[in-house]
């Protein structure tokens, strides 16, 4: 009829199309989330189940390029790089999970304390966050690791100490927002104690925040773990964390053994991306409005 | 008025920085004390033989026989006077080592800072202005991907490509200990700078770009941009009049507030490329139990980060009229 | 209802709907304005009166073609007889049609008032004398131009917003709630300016919830309810009282005015999500019959006005 109706028709079609696509977005997100979680768990299990034989020293097969037999190649001692990488990955994932779990719990506690406690406590928490953010994380982790005489303990504490800040801030803001909600005011007027309100109204709201915050912390924690072990802190060299594999590969770069550096790093990046996706998907499922764009 | 306000903000922040720095030194000192490594023993081991006087002097510096609080007091007093002790690794006063290494690190971080800031801001604007179009989607994917790549692995890849395969840069960058800084020519320094700066920039620009993109999208969806549209302003005019005005300050602030990540990144980049800066020094200090150097660099890096944060706060306060007002009302 | 002569603005059967996310990522369409028809002539102030949340602002945005991306407009809009295509709307915006927005958030927080009132473009500077004049009329000081939006009081912000529309040579001014926050005196002053503009031959579309204030200056009043107009009456009819009004809702509105008994109307305006299937006002109407519950009444002419009701006489 005229230009305007044409535009409208087009727009009308667009609506229909996006509608059909978005209708099952939730289902898709659920499936994707489960798939990603499955991949990560199987990576973890694969690493744990691979026998030490698979990474045994075998000088006869040293310095081999990637092949069907050794998909990632072998290193200068003939150890299969794929098996080593999977083992390293499972160590990295474990360290990441434990460290971020500690960190997330701390974040929730600190965040709630800051929001519900006295004003002095709140400013102290803010000051503390400034403090932790004030020292570059790697330097702080190096320092903590040094203080623990290197090893796993220092690594875990270091990563836990450096990762809680942003989640704590988020939780604090969330609790403050909740506290201003009317139903909380009503509960208070009804004579409910602060503790009751905390347990009945505030904590349940924090659980999704906690889960999402925890999952979004994983990739960072794993990257930090890899970085610190790359620098030579953290785990002893016998335990092939990805960082250590990559650090060792540096010595052989010039001899053209590119696969030593390439594949383990790539695997690490893949896992980090998957974890990121997992976090985003969960966030979308739990809190569709904040995840919308 | 404005100047007065800025000065008051400055002083308030200064007090905070001083308390924070004090806390950092307390914590760092406690952490180092907890370490199984004994600084005196370590020194003796690394030097080989020490005269009893030297040993006494060292024990005096570390206060090995004093109670912890007094030990900290002595050490802190020494630090206030600029005496950070002697580095075991470099056999020189820590303060000199830091000064020398910081010049190198500053060059690396400075290049990265400017380069990643400009590229990140530019790309962020492109992405924000073309929200959800193909270019935006591709660039966003790339940025998110770069956020998942560890700096040191990217460094390794760059080494592989540019040094091993293309042979443009030598692999061993390290200037051996003992070669004086003055013996290295500027050209050599630049040559050494390119790859680490590239690796670091690739790591940092994605963050700036994603931030700028989001900020620009927020601005473009604001009521005032809607009103500008209602008044017949074209897309170009809106970008020029309202877009840049409202996103440039957050972007600059973010750049100043990112000193911590920049420093952390440079620790990794310097280690991969054996770049002689503070980053490789701090990790070497930790691995070789060079306690004075470790403490010195920790404090220095904190000072560096706090300075960045302070500049960010001041800039924001000086330029954004709303923040300016809120300072005045505090 | 075919109008032969050319209105300045003629909106026929306008509907605006939104794509929205329901809980859990499901999408659905939300009709915020349905089947709305209004027209404005030169020299006339048309007030669109209705309570908040009835989608009045969206009408303004639809006319200007600045609806958000997830909104779609259907229907016919003509400006000076010409169909308003997106391209035409773009040409009209800020030149022929000016908007007085709702709140100070429509001003760039980081730009001085003067620069914003003058607007963009090459001839912004040439408007400076006009600015001085308008500021005077609106009781703003010239030095206020150097302020930033956050420094304005509520009333000042409104007057600044009014000045942005007056400074151009727009022929149609759409004022979206231009008076709240102003003192009575200032509100009257602002409306007086709209009256003067109308008397100069411009059209003014006044979107307001303040029927009382609108009455004094508007020529016609469209009663807006749940996304559509229920009645179009001259303001004379409103002054004439309940008897000269047509729609039960308009009558209820009249009764709710302070000077007419302050009698509130029971119930709530239906939300766009669950509109009744028949007449939108049926659930609250005392004249409601079976027919009203199933069939949507068309706008029909009645006593020199229009009404959307089967039973109105």
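Bear in mind that the values in this text are calculations on the coordinates, not laboratory data. Since the structure is predicted, the reported quantities are computational estimates derived from the model, not experimental observations. Every residue, glycine as well, gets a Cβ built from its backbone with ideal geometry; the counts of neighbours run over all protein chains shown.
What is segment A:222-272's relative contact order, in percent, from Cα pairs under 8 angstrom and six or more apart in sequence?
Reported relative contact order: 30 percent.
For chain C, take the longest principal axis of its alpha carbons; what is the angle in degrees between that and the long axis of helix C:154-167, to the nearest 10 within 0 to 90?
It is inclined by approximately 80 degrees.
For chain B, what's the relative contact order in percent, using C-alpha pairs closer than 8 Å and at least 6 residues apart?
28
Starting from the Cα of residue B:245, step 7 Å toward the Cβ, then list every residue of segment C:158-195 with an amide N under 15 Å from that point.
So the set is C:161, C:164.
Could you give the length gained on full extension between residue B:145 and residue B:26, defined as 0.36 nm per residue of separation minus the Cα-Cα distance, in nm?
39.0 nm
How big is the antiparallel share of DSSP beta bridges in the protein assembly as shown, given as a percent to the nearest 5?
65
Starting from the 7 Å offset along Cα-to-Cβ, what nm value, one decimal, do you get for the label separation of residue A:39 and residue C:274?
Label-label distance for residue A:39 and residue C:274, simple model: 4.3 nm.
Compute the distance in nm between two label points, each set 7 Å from the Cα along the Cα-to-Cβ direction, one at residue C:184 and one at residue A:170.
The two pseudo-label positions are separated by 5.2 nm.
Give me the inter-chain shielding for B:260-266: mean count of other chain Cβ atoms within 10 Å, whole number please.
What the average comes to for B:260-266 is 5.
Taking the alpha-carbon centroid of each part, what is the distance from segment C:175-189 to segment C:44-123 in angstrom?
Comparing the Cα centres of segment C:175-189 and segment C:44-123, I get a distance of 19 Å.
Counting only C-alpha contacts under 8 Å and six or more residues apart, can you give the relative contact order of chain A as a whole percent?
In percent, rounded to a whole number, it is 22.
Suppose each label sits 7 Å from its Cα in the direction of the beta carbon; what would the residue C:141-residue B:19 distance come out to in nanometres?
4.0
Determine the shape class of chain B: with a ≥ b ≥ c the square roots of the Cα gyration tensor eigenvalues, call it rounded for a/c under 1.5, and otherwise prolate if a/b is greater than b/c, oblate otherwise.
Because a/c hits 1.5 or more and a/b fails to exceed b/c, chain B counts as oblate.
Counting each DSSP H run of 4 or more residues in chain C as -39500 (n - 2.57), what helix-only mean residue ellipticity at 222 nm follows after dividing by all residues, to the nearest 500 deg cm²/dmol?
It lands at -8000 deg cm²/dmol.
How do B:273, A:218 line up, fewest other C-beta atoms within 10 Å first?
In increasing order of surrounding Cβ atoms, one gets A:218, B:273.
Which length gain, in nm to one decimal place, applies between residue A:270 and residue A:196 when the Cα-Cα distance is subtracted from 0.36 nm times their residue separation?
Extra length from residue A:270 to residue A:196 when fully extended: 22.2 nm.
Which of C:31, C:220, C:184 ends up with the largest GNM mean-square fluctuation for chain C, with Cα atoms connected below 10 Å?
Looking only at C:31, C:220, C:184, the biggest GNM fluctuation is shown by C:184.
Which FRET efficiency, nearest 0.05, do residue C:125 and residue A:203 yield, Cβ-Cβ r, R0 56 Å?
Efficiency computed from Cβ-Cβ geometry: 0.40.
Roughly what angle does helix C:128-137 make with the longest principal axis of chain C, taking Cα atoms, 0 to 90 degrees, to the nearest 10?
For helix C:128-137, the angle is close to 60 degrees.
For segment B:215-258 and segment A:227-241, write down the distance between their C-alpha centroids in whole Å.
Comparing the Cα centres of segment B:215-258 and segment A:227-241, I get a distance of 46 Å.
Taking 56 Å as R0, compute the FRET efficiency from the Cβ-Cβ separation of residue C:255 and residue B:307 and round it to 0.05.
The pair residue C:255/residue B:307 has a calculated efficiency of 0.25.
Most mobile of A:52, A:75, A:280 per a Gaussian network model of chain A (Cα springs, under 10 Å)?
Residue with maximal mean-square fluctuation among A:52, A:75, A:280: A:52.
Would any residue of segment C:34-52 have its amide N under 17 Å from a label point 7 Å out along Cα→Cβ of residue C:18? List them or say none.
The answer is C:34-35, C:51-52.
Based on the mean of other beta carbon atoms within 10 Å per residue, what is the order of C:119-128, A:255-264, C:135-144, most packed first?
So the peptides C:119-128, A:255-264, C:135-144, ranked by packing, come out A:255-264, C:135-144, C:119-128.
Partner chain Cβ atoms within 10 Å, averaged over the residues of C:153-163 - can you pull that number for me?
Per residue, the average neighbour count from other chains is 0.
How crowded by other chains is B:28-35, given as the mean number of beta carbons from other chains within 10 Å of each beta carbon?
4
Of C:16, C:211, C:104, which has the largest mean-square fluctuation in a 10 Å C-alpha GNM of chain C?
Judging by the Gaussian network model, the answer is C:104.
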